[in-house]
Protein chains: 2
Amino acid sequence: MRVMGIDPGSVVTGWGIIEASGATLTHVASGTIRTASLPRGPQRLKKIHDNLIALIDEHRPDAMSLERSFVAASVQSAFRLGEARAMAMLAAADREIELFEYAPNEVKLAVAAFGHAEKGQVKFMVMRTLRLDDGVELADDESDALALAICHSGRARMTAMERIAQPARRGPARWMRR
Amino acid sequence: MRVMGIDPGSVVTGWGIIEASGATLTHVASGTIRTASLPRGPQRLKKIHDNLIALIDEHRPDAMSLERSFVAASVQSAFRLGEARAMAMLAAADREIELFEYAPNEVKLAVAAFGHAEKGQVKFMVMRTLRLDDGVELADDESDALALAICHSGRARMTAMERIAQPARRGPARWMRR
């Protein structure tokens, strides 16, 4: 299963794609979409949307993992973040990719086994999990996007294991009732 | 000049298109995009975006007028509103239509000559300005979208008049300097 994580922002949007094969996670591609050179508003959003669509078409992820936001510095920054998030949501709908949302502490818990991990700790664990070379430099938003992808692949694997385990658990129960 | 006003919302997005010929404003088309039947998130946003693109392609507006929001009931509702607004912004960028934003009290002032006009007063003035038959029933968001279009057409006309007036004012000044 291939998962694309997205950490949206109106100025920097981080993205990261990983391939999950059982418990083995492999880094496929990651980076940032930067819009500071464009005027605020429609053109920035279009760049984010067009880049995400191009990345999806190139890497064909099976699922998208997006950060669920609860807080913002101000109403205005909540509007800006909502606008950027919407570009990821629309790209997922355009390409019919299932979208999953995770709260920041869920992501930290999944990646660093600690819900209040710092950015540096998350980045260290992302690089270890994906066996990235020490020389690789990940941007903060890129690392967060990969962490979102790792978080979802772990969740998806757990759900799949539960699906396998459940019929076996239910089997005897059904059998006993007969 | 043809202006499209948009009052975005994640559940109801109002839209209205008017034709401005000098001081005469004519209603072209208006309505609402409703998404309550769809699950929250990507699918709702896609419906808003796809409908706006179809309306733009059908009516070919020269400008888009969007409400500039400053307040929201909560951070969550600011995110939702930002997401819906982003669909209008992206549609404008996709079709290379210039986007203008107006604060709610600017719109009320332009339409009802009173910055704190109530919804009913705005609707009454929208219908009178566009000479709509009393039998026509406008939804609230549809009326707000038409008010946004009226507000921009007035602003655009004023700017055009200033452009005509300025060379005449500057003419004598340049002549005197010679």
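Would you say residue A:78 is at pLDDT 90 or above, among the hydrophobic types (A, V, I, L, M, F, W, C) and within 20 Å of residue A:26 (Cα to Cα)?
no
Testing residue A:66 on (1) in contact (Cβ under 8 Å) with a residue 12 or more places away in the chain; (2) more than 13 Å from the chain's Cα centre (by Cα); (3) at the interface with chain B (Cβ under 10 Å from one of its Cβ atoms), one condition comes back false. Which one is that?
Among (1) in contact (Cβ under 8 Å) with a residue 12 or more places away in the chain; (2) more than 13 Å from the chain's Cα centre (by Cα); (3) at the interface with chain B (Cβ under 10 Å from one of its Cβ atoms), residue A:66 violates only (2).
For residues that are among the hydroxyl-bearing types (Ser, Thr, Tyr) and surrounded by fewer than 21 Cβ atoms within 10 Å (Cβ to Cβ), scanning just the range A:16-34, find the one that is nearest to residue B:92 (Cα to Cα).
So the residue we want is A:32.
I'd like to check something: does the range A:49-72 contain any residue that is within 30 Å of residue B:48 (Cα to Cα) and in contact with a Gly (Cβ under 6 Å, 6 or more places away or on another chain)?
Looking through the range A:49-72, at least one residue is within 30 Å of residue B:48 (Cα to Cα) and in contact with a Gly (Cβ under 6 Å, 6 or more places away or on another chain).
Can you pull out the residues in the range B:16-48 that are under 13 Å from residue B:84 (Cβ atoms) and touching a Gly at 6+ places or on another chain (Cβ under 6 Å)?
The answer is B:32, and nothing else.
Are any residues in the range B:64-89 in a loop (DSSP other than H, G, I, E, B) and over 23 Å from residue B:18 (Cβ atoms), and if so, which ones? Give the derivation first.
Narrowing the range B:64-89 to residues in a loop (DSSP other than H, G, I, E, B): B:68-74.
Selection gives B:70, B:71, B:72, B:73, B:74.
Any residue in the range B:132-156 that's at negative phi: show its pairings with residues that are in a loop (DSSP other than H, G, I, E, B) and surrounded by fewer than 18 Cβ atoms within 10 Å (Cβ to Cβ) at Cβ separation under 8 Å, as long as the two are six or more apart or on different chains.
Note: pairs meeting the criteria are B:138/B:132; B:153/B:1; B:156/B:1.
Among the residues of the range B:38-54, what is the count of those that are buried (at least 16 other Cβ atoms within 10 Å of the Cβ) and under 17 Å from the mean Cα position of the chain (by Cα)?
Result for the range B:38-54: 4.
Identify, from the list B:122, B:126, the residue that is among the β-branched types (Val, Ile, Thr) and either modelled with pLDDT under 95 or not in a helix (DSSP H, G or I) (or both). Reasoning before the result, please.
Details: B:126 fails: either modelled with pLDDT under 95 or not in a helix (DSSP H, G or I) (or both).
On inspection, the qualifying residue turns out to be B:122.
Looking at residue A:144, is it assigned to a loop (DSSP other than H, G, I, E, B) and either within 17 Å of the chain's Cα centre (by Cα) or more than 30 Å from residue B:66 (Cα to Cα) (or both)?
No; evaluated as a whole, the condition is false for this residue.
Residues to consider are B:106, B:137, B:96; find the one that is more than 19 Å from residue A:86 (Cα to Cα) and modelled with pLDDT of 95 or more.
B:96
Inspect all residues belonging to the range B:46-59 and state whether any of them is over 27 Å from residue A:99 (Cβ atoms) and not acidic (Asp, Glu).
Looking for residues that are over 27 Å from residue A:99 (Cβ atoms) and not acidic (Asp, Glu), one finds at least one in the range B:46-59, hence yes.
If you take the residues in the range A:1-15 that are closer than 30 Å to residue B:68 by Cβ and surrounded by 24 or more Cβ atoms within 10 Å (Cβ to Cβ), which one is farthest from the other protein chains (Cβ to nearest Cβ)?
By that ranking, first place goes to A:14.
One line per residue, one yes/no per condition, for (1) farther than 17 Å from residue A:14 by Cβ; (2) out of contact with any strand residue (DSSP E or B) (no Cβ under 9 Å at 6 or more places or on another chain):
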site	(1), (2)
A:108	no, yes
A:115	yes, yes
A:120	no, yes
A:125	no, yes
A:129	no, no
A:134	yes, yes
A:137	no, yes
A:141	no, no
A:145	no, no
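Anything in the range A:90-115 that is in contact (Cβ under 8 Å) with a residue 40 or more places away in the chain and either within 13 Å of another protein chain (Cβ to nearest Cβ) or not in a helix (DSSP H, G or I) (or both)? List them, or say none.
Within the range A:90-115, A:90, A:91, A:94, A:95, A:97, A:100, A:102 meet the criteria.
Consider the range B:20-63. How many of its residues are more than 12 Å from every other protein chain (Cβ to nearest Cβ), among the aliphatic types (A, V, I, L, M) and either touching a residue at least 40 places away in the same chain (Cβ under 8 Å) or in a strand (DSSP E or B) (or both)?
Residues meeting the conditions: 9.
As an exercise: evaluate residue A:109 against (1) touching a Gly at 6+ places or on another chain (Cβ under 9 Å); (2) within 30 Å of residue A:40 (Cβ to Cβ); (3) not acidic (Asp, Glu) and give the number of the one condition it does not meet.
(2)
The values are calculated or read from the model by the stated rules, or taken from the named source; none is laboratory data. Just so you know, these numbers come straight off a predicted model, no measurement behind them. Cβ: placed from backbone, ideal geometry, glycine included. Neighbour counts: every protein chain shown.
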